[in-house]
Amino acid sequence: MTFARLTRRSTLVSLAAAGLAPEWAAAAPKADWKALAADVRSEFQWAWQGYVAKAWGKDEINPVSGTSQSFFVEGHDLGLSLVEALDTLWIMGLDAEFQAGVDWVKQNLSFDVNGEAQVFETNIRLVGGLISAHLACGDPVLLAKAKDLADRLLKAFDASPHGLPWRYVNLKTGAVRDPETNLAEIGTYITEFGVLSQLTGDDRYFKIAKRAMKHALDRRSKIGLMAANIDARTGEFTSRSASIDVYADSFYEYLWDAWELFGDEDCKRWAQECTAAQLAHQAKRYDGRLWFPMVDFETGAVLNTAQSELAAYYAGLLGQVGHKKEGDDYLASFTELQATFGVIPESIDVATRQPRRKTTGLRPEYADACLNLWLLDRDERYRQLAAIHYRQMKATSRAAYGYTALKDITTKPMTQGDNCPGYWWSEQMKYYYLLFSDTPRIDYAKLQLSTEANVLRGFRRG
Ligand code: IFL
């Protein structure tokens, strides 16, 4: 497997960066970040060629078999990977590929589809992808399509007396399904909708997104935590589990992002209060390592010791909200997993540090955290850690026509699955490139990314 393909130098750098190697190992020669950025760009271009050849206009490529699959509506693809790739292509200066993607969207992408789409996924992937592509090139058609799609999603909010979106909406009829939802699916709209409000002059989008977040925040327990599950009809929590992990994660990201993007003071205060409560009642040490297992939202008692890879984003968020030390500690917990398993398992038991699942979803959250922490102090260590993450992905997930999720990380070599999730095109390759390239196309001081890594501020055009 992958370890066999690591050079002695990269192994030493990786161990040193993980805090697991002797002092002398840290003296390894400085990495050539520009060369690594060029490698990321070339891999992205190569994978794009695979998508063009085997899955053009489809939602997701299956890069081992060269087939494709739908993501939103079975049998009716919406060019998901293409839309997700657009701003990454632009940032990397792959201008012909970017223009071909924009042309496809303008000629082919219609949301007048008699089929159900998951509201949360549609917003972060398609509305966000179209807005960032619009911000990259200024084409008004892209903005019009983002607005058209967001308007269709608003039906899901209208269906709730509390303004909490139901989980699915029929894009054509506006019929909704499944009110049993969660914090992530009711509270991950304010960045895309807020930018849409700015670009269209219609403040409804921002207000609707903020109202849904406020509803849940108003129901925090005495110790300041929210349960992760909520019913859009009753507006009441339907579980006792407080989580920074799946079902809640991006709700917390969007509080801070709304402060950074729009200067919203309420969102800043909520982000600070939620983080303080999470550090007080969810942060737990197991063998000295920091984890955030699910706890009872009223008592803080640990409910289970599972933690998914997706929770790694929280290391970056802790740093952004002002808890850099805890962010570094939490990143170190995942860094140790990376050093132990080669690829961070999809889910582990924090008490035993053993994988709970053998599959992985080709996940971006660790690289996301490295970028967010690096943006705070530009410490080279985060680049080194992201470089290990990138090289491990390249060693394990590269297939005939692109990059794939893994079926089993415990075999030697690891066993590949056959699917490239749409977020791969928007997230980790962009994180690596931003970390390694110092690209002039981005104003790093202004950079704002959505949970799906769509650039909502910070492009440098012309
Ligand atoms: O869609 C991605 C996004 O980062 C998110 N949740 C999970 C996905 C990646 O793992 O908010």
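What number of residues within the stretch 425-462 satisfy the criterion of being in a strand (DSSP E or B) and either buried (at least 21 other Cβ atoms within 10 Å of the Cβ) or of a type in the set (D, E, K, R) (or both)? So the answer is 4. Taking the stretch 212-233 as the range and being under 12 Å from LEU164 (Cβ atoms) and buried (at least 24 other Cβ atoms within 10 Å of the Cβ) as the test, the residues that pass are ALA212, MET213, ILE230, ALA232. All conditions but one from (1) within 16 Å of the ligand (Cβ to nearest atom); (2) in contact with a strand residue (DSSP E or B) (Cβ under 7 Å, 6 or more places away or on another chain); (3) closer than 20 Å to SER450 by Cα apply to GLU185; the one that does not is (2).
Quick one: in the stretch 307-328, which of the residues that are crowded, with 18+ Cβ neighbours inside 10 Å and more than 16 Å from the ligand (Cβ to nearest atom) is nearest to LEU375 (Cα to Cα)?
Checked the stretch 307-328; the qualifying residue nearest to LEU375 (Cα to Cα) is GLY319.
Within the stretch 341-379, the set of residues being touching a Gly at 6+ places or on another chain (Cβ under 6 Å) and either basic (Lys, Arg) or surrounded by fewer than 18 Cβ atoms within 10 Å (Cβ to Cβ) (or both) comprises LEU376 only.
Scan the stretch 68-79 and give yes if some residue there is more than 25 Å from ALA146 (Cα to Cα), modelled with pLDDT of 95 or more and buried (at least 18 other Cβ atoms within 10 Å of the Cβ), otherwise no. Within the stretch 68-79 (the criterion being more than 25 Å from ALA146 (Cα to Cα), modelled with pLDDT of 95 or more and buried (at least 18 other Cβ atoms within 10 Å of the Cβ)), the answer is no, since none of the residues qualifies.
One residue stands out in the stretch 156-182 among those that are in contact with a strand residue (DSSP E or B) (Cβ under 6 Å, 6 or more places away or on another chain) and aromatic (Phe, Trp, Tyr): the one that is nearest to PHE237 (Cα to Cα), namely TRP166.
One residue stands out among those in the stretch 433-454 that are under 15 Å from GLY93 (Cα atoms) and in contact (Cβ under 8 Å) with a residue 40 or more places away in the chain: the one that is farthest from the ligand (Cβ to nearest atom), which is ASP438.
From the list LEU130, LEU126, LEU86, the one residue that fits, being within 16 Å of the ligand (Cβ to nearest atom), free of Cβ contacts under 8 Å to residues at least 60 places away in the same chain, surrounded by 20 or more Cβ atoms within 10 Å (Cβ to Cβ) and more than 27 Å from ALA37 (Cβ to Cβ), is LEU126. Checking each residue in the stretch 289-302 for being of a type in the set (A, V, I, L, M, F, W, C) and either closer than 14 Å to SER221 by Cβ or under 23 Å from the mean Cα position of the chain (by Cα) (or both) picks out LEU290, TRP291, PHE292, MET294, VAL295, PHE297, ALA301. Restricting attention to the stretch 330-368, the residues being within 14 Å of the ligand (Cβ to nearest atom) and free of Cβ contacts under 8 Å to residues at least 12 places away in the same chain number 0. Of all the listed residues (ASP266, ASP203), the sole one being surrounded by fewer than 16 Cβ atoms within 10 Å (Cβ to Cβ) and in contact (Cβ under 8 Å) with a residue 12 or more places away in the chain is ASP266.
Tell me the helices (runs of 4 or more DSSP H) entirely within the stretch 319-424 that contain at least 1 residues that are modelled with pLDDT of 95 or more, aliphatic (A, V, I, L, M) and within 28 Å of GLY79 (Cα to Cα). Here the list reads 365-377, 380-397.
The values are calculated or read from the model by the stated rules, or taken from the named source; none is laboratory data. Not measured: the values here are computed from a predicted model. Ideal geometry is used to build each Cβ from the backbone, glycine not excepted, and the neighbour counts take in all protein chains shown.
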